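Written out below as structure tokens is the structure these notes cover.
Each reported figure results from applying straightforward, stated rules to the coordinates on display, with no laboratory input. This is a predicted model, so every value here is computed, not measured. Please note: Cβ atoms are built from the backbone with ideal geometry, for glycine as well, and neighbour counts cover all protein chains shown.
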Amino acid sequence: MKIVVCIKQVPDTTEVKLDPKTNTLIRDGVPSIINPDDKAGIEAALQLKEQTGGTVTVVCMGPPQADVALREALAMGCDDAILLSDRAFGGSDTFATATIIAAGLKTLDFDVIITGRQAIDGDTAQVGPQIAEQLHIPQVSYAEDIKVDGKALIVKRQFEDRYHMIKVQTPCLITALSELAKPRYMTVSGIVDAYEKEVKVLGFEDLKNNFDPANIGLKGSPTNVYKSFTKQAKGAGTVLNVTADEAVQAIMDKLVEKHII
Amino acid sequence: MSKDIYVIAEQRDGKLAKVGKELIGEATKLAADLGEKVVGVVLGSGITEEAKNLYKYGADEVVVVDDPALAIYMTEPYAKALTAVIKECDPNVVLFGATSIGRDLAPRVAGRVHTGLTADCTGLSIIEDEEVGKLLAMTRPAFGGNIMATILCKHHRPQMATVRPGVMAALKKDDSKTGEVKAIKVEFTDADKNVEILEEVKATKKIVDITEAKVLVSGGRGIGGPEGFDMLKECAVELGGEISSSRACVDAGWIESARQVGQTGKTVRPNLYLACGISGAIQHVAGMESSELVIAINKNDTAAIFGVSDLGIVGDCKVIIPKLTEALKKYNAEKESN
């Protein structure tokens, strides 16, 4: 089975802090990681390969620094890595990003594409389904389990209040929940091998016949950011440092005043 | 010309989900600013009667695609149905709930009709753009709730967004309102059913939906352990509410994840949010700051939660909550005897 995993390199948002003076994000020194859902996708792909044979190719769109994320994926056991990188790709929204990634995937032969459900920096969960749409293949999102059934896959799709067991023919695209698989660690030999392997870089010139150049980058993005801002905090009210009994009385008074009780 | 706001009102098992009613409520305000109408859209099988209820929540028109092919949610038949609605009606705006279904369907359809889509919005408004006139301004959190971004879709129609459940307010139900349902016919072929649902398993355990609760007594690390939730539960019962949690307690295994409030949990807007031993990390605050009244109890007088509280108490919730529960019991007993 030929499996492709799409990953994104993201800042570890749990490490992002606000500067209390300027109220802006402090990004310096924040480590970059493989997006957690995508990493679960890598692990699921490696497990599928172990069951059925085949190859796992990992694809990432991003700046040249994203090479590190791809090498980590190689060190986990992926066979090949492709970086989609070009200045012309910058500023892409989810539609334009999916257009570029789909163009990159058209250069490959695949049975299954796995993406993470969503990235922790953007939280959109849109790129996976939009890639599937551009490639005209079925999608199954929120996968919690994947089993091989001949040329088809049986996927457990998790919703808020139920799950579905879904049979889907290949080629198809699956979006992975982080629950799908617990990522393995890189091995020492894997790390050594990863740095000997070539990460293939594809840019605008390599892909221009696979997409409409009007649909990529900042100009090709249907949406654009009008403004961004740090959240207005709800104004602080009274803070009391009193005895427990006085505190209880203050709470009770407030509950009565606001007609809660 | 593209016009009107179309709200995709999600149904499961033939019943309309709350988020669709919330979106219709919000859409009535936006529609007033645009001078346009609110159209409720229901996709499903045997849902035409249920769809009429959208009139009671503020819809000006209701459109359905009612077909057996739409009985259980599958991406392709739903995407085909909705694309047909968009092609026929040419909406200005299309809104979805940011649920599993909404977030699976919306990107697929946005890709197909080649328009922009903004995910997981927490604020919508209409702004005037010099170049193209009135636009939907879609505001959403990013970087784990650390920053907010307002997104526009200037040159493509419809302007599409998924909106977080629990953020917008539904209008009060008006039972006197009703109207006709417009049915749009879509031909489905076997090729549209490109996946096969082998089994549907609904959660058997009754999942408490904390987004529906009027009062939430919420616990953080400061409640000391899983038994802390027993103490909160007793207090919540007296207040007629439910218990909820910060991420720390879920990660520690003290309570089930369905009760988690915050960026990676649920967004809640109860009448009262009583935060006990919760420090108030930005990811948590993102999920509860729209609560009407916030009261926080925390030992640390510099805890961030005090910054978003109407009333803050510096103290140990393990001491204060049992006393508060007693006071509430006494209050409720007196109220009953009067």
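Going Cα to Cα from B:Lys323, which aspartates and glutamates come in below 17 Å? Please leave out same-chain ones fewer than 8 positions away.
A:Asp245, A:Glu246, A:Asp253, B:Glu227, B:Asp230, B:Glu234, B:Glu238, B:Glu334
Students often forget the sequence filter, so: which aspartates and glutamates lie under 13 Å Cα-Cα from A:Lys208 once same-chain residues fewer than 8 apart are removed?
A:Asp86
By counting other Cβ atoms within 10 Å of each Cβ, how are B:Asp66, B:Asp174 ranked from fewest to most? Before the final figure, lay out the partial values.
Details: B:Asp66 21, B:Asp174 11.
Fewest-to-most Cβ neighbours within 10 Å comes out as B:Asp174, B:Asp66.
May I ask you to sort A:Tyr185, B:Tyr78 by Cβ crowding, counting other Cβ atoms within 10 Å and putting the fewest first? Let's see the in-between values first.
Numbers: A:Tyr185 7, B:Tyr78 22.
Least crowded to most crowded, the residues run A:Tyr185, B:Tyr78.
Going by a 4.7 Å Cβ-Cβ cut-off, which cysteines of chain B have no partner at all?
B:Cys89, B:Cys121, B:Cys153, B:Cys235, B:Cys249
Only Cα pairs under 8 Å and at least 6 apart count here; give the relative contact order of chain A as a rounded whole percent. Can you show the working numbers first?
On the way: 495 pairs, mean separation 61.9, N = 261.
With pairs under 8 Å counted, the relative contact order is 24 percent.
Roughly speaking, what is the stretch gain from A:Ala236 to A:Glu198, that is 0.36 nm per residue apart minus the C-alpha to C-alpha distance, in nm to one decimal? Intermediate values should be presented prior to the final figure.
Numbers: separation 38, 0.36 × 38 = 13.68 nm, distance 5.47 nm.
Once the chain is fully extended between A:Ala236 and A:Glu198, it gains 8.2 nm.
Rounded to the nearest 10 degrees, what's the angle between the helix B:228-239 long axis and the longest principal axis of chain B, both from Cα atoms, 0 to 90?
70
Assign one of three labels to chain A, namely rounded, prolate or oblate, based on the Cα gyration tensor with a ≥ b ≥ c the square roots of its eigenvalues; rounded applies when a/c is under 1.5, prolate when it is not and a/b is larger than b/c, and oblate otherwise. Display every interim value, and only then the final one.
Numbers: a/c = 2.00, a/b = 1.68, b/c = 1.19.
It comes out prolate by the Cα gyration axes.
Listed here are the pairs B:Lys80/B:Lys202; A:Lys49/B:Lys80; B:Lys18/B:Lys193; A:Lys106/A:Lys200; A:Lys254/B:Lys29; B:Lys134/B:Lys173; which of them are more than 23 Å apart at the Cα?
Values: B:Lys80/B:Lys202 26 Å; A:Lys49/B:Lys80 33 Å; B:Lys18/B:Lys193 28 Å; A:Lys106/A:Lys200 15 Å; A:Lys254/B:Lys29 32 Å; B:Lys134/B:Lys173 29 Å.
Long pairs (Cα-Cα over 23 Å): B:Lys80/B:Lys202; A:Lys49/B:Lys80; B:Lys18/B:Lys193; A:Lys254/B:Lys29; B:Lys134/B:Lys173.
Set the Förster distance to 45 Å, then compute FRET efficiency between B:Asp175 and A:Asp206 from the Cβ-Cβ distance, nearest 0.05. Mind dumping the intermediate values first?
Values: r = 61 Å, r/R0 = 1.37.
E(calc), rounded to 0.05, equals 0.15.
Residue farthest toward the positive end of the dipole of the protein assembly as shown, with Cβ of Lys/Arg at +1 and Asp/Glu at -1: which of B:Val19, B:Tyr78, A:Met165?
Among B:Val19, B:Tyr78, A:Met165, the one farthest towards the positive end of the dipole of the protein assembly as shown is B:Val19.
Tell me, how many Å apart are the Cα centres for region B:72-122 and for region B:28-54?
Centre-to-centre (Cα) distance: 15 Å.
Mind checking which of B:Gly265, B:Leu328, B:Cys317 is farthest towards the positive end of region B:210-337's charge dipole, using Cβ charges of +1 (Lys, Arg) and -1 (Asp, Glu) about the Cα centre?
With unit charges placed on the Cβ atoms, the residue in question is B:Gly265.
To the nearest 0.05, how large is the calculated FRET efficiency for B:Glu292 and B:Lys154 if R₀ is 25 Å and r is the Cβ-Cβ distance? List each step's numbers first, then the result.
Details: r = 36 Å, r/R0 = 1.43.
Given R0 = 25 Å and the Cβ-Cβ separation, E is 0.10.
Within straight cross-link reach of A:Lys197, meaning Cα distance under 13 Å, which aspartates and glutamates are found once same-chain residues fewer than 8 apart are removed?
By straight Cα distance, A:Lys197 reaches A:Asp67, A:Glu72, A:Asp79, A:Asp80.
For the pair A:Lys258 and B:Lys87, what calculated FRET efficiency results from E = 1/(1 + (r/R0)^6), where r is the Cβ-Cβ distance and R0 = 60 Å, to the nearest 0.05?
Numbers: r = 49 Å, r/R0 = 0.82.
E(calc), rounded to 0.05, equals 0.75.
If I model a spin label at B:Ile72 and A:Thr55 as a point 7 Å from the Cα along the Cα→Cβ vector, what separation in nanometres do I get?
With each label point 7 Å from Cα toward Cβ, the separation is 3.6 nm.
For region A:2-215, what is the charge dipole size about the Cα centre, in debye to the nearest 20, if Lys and Arg each add +1 at the Cβ and Asp and Glu each add -1 at the Cβ? Show your work: numbers first, answer last.
Numbers: 22 positive and 31 negative charges, 65 e Å.
That gives region A:2-215 a dipole magnitude of about 320 debye.
Can you tell me, using C-alpha contacts under 8 Å and at least 6 residues apart, the relative contact order of region B:210-337 as a whole percent?
Working: 275 pairs, mean separation 31.3, N = 128.
Value for region B:210-337: 24 percent.
Which order do A:Met76, B:Met231, B:Met138 fall in if you start with the one that has the fewest other Cβ atoms within 10 Å? Let's see the in-between values first.
Details: A:Met76 23, B:Met231 20, B:Met138 29.
Ascending Cβ contact count within 10 Å gives the list B:Met231, A:Met76, B:Met138.
Would you mind working out the magnitude of the charge dipole of region B:5-192 relative to its Cα centre, with +1 at each Lys and Arg C-beta and -1 at each Asp and Glu C-beta, to the nearest 20 Debye?
400
Distance in nm between label sites at B:Lys134 and B:Ala333, each 7 Å beyond Cα in the beta-carbon direction?
Here the answer is 5.8 nm between the modelled labels.
Placing +1 at every Lys and Arg Cβ and -1 at every Asp and Glu Cβ, with all other atoms neutral, what dipole size does region B:154-277 have around its Cα centre, in debye to the nearest 20? Let's see the in-between values first.
Working: 19 positive and 18 negative charges, 135 e Å.
The dipole magnitude comes to about 640 debye.
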